[in-house]
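Below is one structure, written out as structure tokens; comments come after it.
The values are calculated or read from the model by the stated rules, or taken from the named source; none is laboratory data. This structure is a prediction, so every number in the text was calculated from the model and none was measured. When we count neighbours, we look across all protein chains shown, and the Cβ atoms used for this are built from the backbone with ideal geometry, even at glycine. For accessibility, only protein heavy atoms count, side chains too; no ligands or nucleic acids. Shrake-Rupley method; radii C 1.70, N 1.55, O 1.52, S 1.80 Å.
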Amino acid sequence: MTSPFPAAWPARRGMPDLATLDEPTRRTIARAVELLRAKQDAFGHRFLKLARDHLPGYRVLTDEEIRATAQLFMDTLVSELSFLRVPDGALRELLNRFAVERGARGIPPEVLAAGYQMGSREMLTLLDEVGLEVGLPADLLLAVHDSTWEFSNEASSVFARVQHDLALERAHFDAERRSTFAAGVLSGAFPAEQINRDAHLFGLDPRARHVPLAARAPSPASPDGADAIRRGIAAALRMPADRLLFAEIGTCLGFIAPATPDHLTGHLVAAGPPTVLDQLPDGFQEAVLALATAEQFRQSGLVRLADLGPRPLVLSSTRIAAGLAARHLHALDAPARATTDIEETTRVYLECDQQVREVAQRLAVHQNTVRYRVHRFEELTGLDLHHTEDLVTAWWLLNRRRPPTAPLS
């Protein structure tokens, strides 16, 4: 089947060199430019009528704005015509400014493209009228037609690209505003009046209860980690990720959630108690404490402070812990002794409620090995794990000494 389209389009007709034209032709061109300039006001009114009749997207613009823009485009085209130049460069610069300004007013790119094509058609109609009146060479008129319609197609691409850039910029600005609001609420930096006034801007009801969530901010080496955590939380809440407000607050990520997620896998996230927006800072601090505690104990998933029992005490009283460690654990730190296995076995022994068989299974050692190591711990530290006070002291000190690591997933 033969294609209805030509294999190659004819090359665009080029403008003649003004210097090569004879004097009568140059005078004719100058006369045409003079007449076109005199018709700028008329052209502005003609385009205004077309826009009002056929471009409903231009309703946001005043009559004067429409006329002024049409006259500006005409002035650019006529100025280039006076030198017999194809106005590609000048038009691109003008189109970019025009697209940014109109796009910011909410006019879609397809409406801008339709308006530009409509204006181009009227401009060429006017040029033909003037050309007929003054006797412009036919080849010159055809060259202007060629360049005008070819650039009209390019203008559509310019409008679409600028609109895309504006959409990205608006999305980035919206994300920054949402992040600023979330940070101000969770950190307590915003007063209650501001929170209650602005909450609706972000789709929040200040009278409803919300849940503060805390997670660890990703390292600079993995900047996408924050989005992964947000997507995980949003999926658990069955809501779009971009509607979940969050912000980096210190080394934590803070979230304002409509509810507590039921199930969360692959990430460690701590939840505070549900409360109204202007009381979230206290709940967020509770979530941060739960997060730090869960990290110390290598937990994963969703955690709440109320579910952690006495574990948060491990993070407190640094000064007291240092004194007790110096008294009881100094022997474990002696360089001549290999006590890592003794310390780790005793910590697991306490985690497993002193069940020797379970400890042996977890560590893949014999039960007698467990008993021996626990006995050596008691000898080296002077702590008798059959006494409640010594047992609590040992549990506290050993868990403080465990280096914080990423939670197990």
What distance in nm lies between label points placed 7 Å from Cα along the C-beta direction at Arg298 and Arg105? 6.4 nm
Just to compare against my own numbers: the Cα pair-distance distribution for the range 52-210, 5 Å bins, whole % per bin, please. 1, 7, 14, 16, 12, 10, 8, 7, 6, 5, 4, 3, 3, 2, 1, 0
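What value in Å³ per residue do you get for the convex hull of the alpha-carbon atoms in the range 18-64? Show your work: numbers first, answer last.
Numbers: hull volume 4.8 nm³, N = 47.
For the range 18-64, the hull spanned by Cα atoms encloses 103 Å³ per residue.
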Quick calc: nm separation of the 7 Å Cα→Cβ label points for His386 and Ala68 -> 9.5 nm
Translational diffusion of the range 39-106, µm² s⁻¹ [Kirkwood Rh, Cα pairs; Stokes-Einstein; 25 °C; 0.890 mPa s]: 192 µm²/s
Mind pulling the angle between the C-alpha long axis of helix 138-187 and the longest principal axis of the chain? Nearest 10 degrees, somewhere in 0 to 90. 20 degrees
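Rounded to the nearest 500, what is the 222 nm mean residue ellipticity of the chain from helices alone, with -39500 (n - 2.57) per DSSP H run of 4+ residues and division by all residues?
Numbers: 14 runs with 241 residues, N = 409.
Computed ellipticity for the chain at 222 nm equals -20000 deg cm²/dmol.
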Debye calc, one equal point scatterer per Cα of the range 133-211, no solvent, log10 I(q)/I(0) at q = 0.16, 0.26 1/Å comes to -0.76, -1.17
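If you stretched the chain out fully between Lys39 and Asp282, how much longer would it get, using 0.36 nm times the residue separation minus the C-alpha to C-alpha distance?
On the way: separation 243, 0.36 × 243 = 87.48 nm, distance 6.99 nm.
Between Lys39 and Asp282, full extension yields 80.5 nm more.
Over the residues of the range 344-391, compute the C-alpha Rg and express it relative to 2.2 N^0.38 Å. Walk me through the numbers on the way to the answer.
On the way: Rg = 10.1 Å, N = 48, 2.2 N^0.38 = 9.6 Å.
For the range 344-391, the normalised Cα radius of gyration comes out at 1.05.
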FRET efficiency for Asn96 and Gln117, Cβ-Cβ distance as r, R0 = 25 Å, nearest 0.05? 0.90
Just the number please: accessible area per residue for the chain, 1.4 Å probe, all protein chains included, in Å². 54 Å²
Given labels modelled 7 Å from the Cα in the Cβ direction, how far is it in nm from His200 to Arg243? 1.8 nm
If the chain between Thr180 and Glu344 were fully stretched, how many nm would it gain, using 0.36 nm times the residue separation less the Cα-Cα distance? 54.7 nm
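Output the antiparallel fraction of DSSP beta bridges having both residues in the chain, as a percent to the nearest 5. Write down the numbers at each step before the final one.
On the way: 14 of 18 bridges.
For the chain, the DSSP antiparallel bridge percentage is about 80.
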Degrees between helix 109-134 axis and first principal axis of the chain (Cα, 0 to 90, nearest 10): 20 degrees
In whole percent, the fraction of accessible protein surface over the chain that belongs to carbon or sulfur atoms, probe radius 1.4 Å, stands at 54 percent
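Using 0.36 nm per residue of separation minus the Cα-Cα distance, give me the extension gain between Phe83 and Val60 in nm, one decimal.
Values: separation 23, 0.36 × 23 = 8.28 nm, distance 3.58 nm.
Gain on stretching Phe83 to Val60: 4.7 nm.
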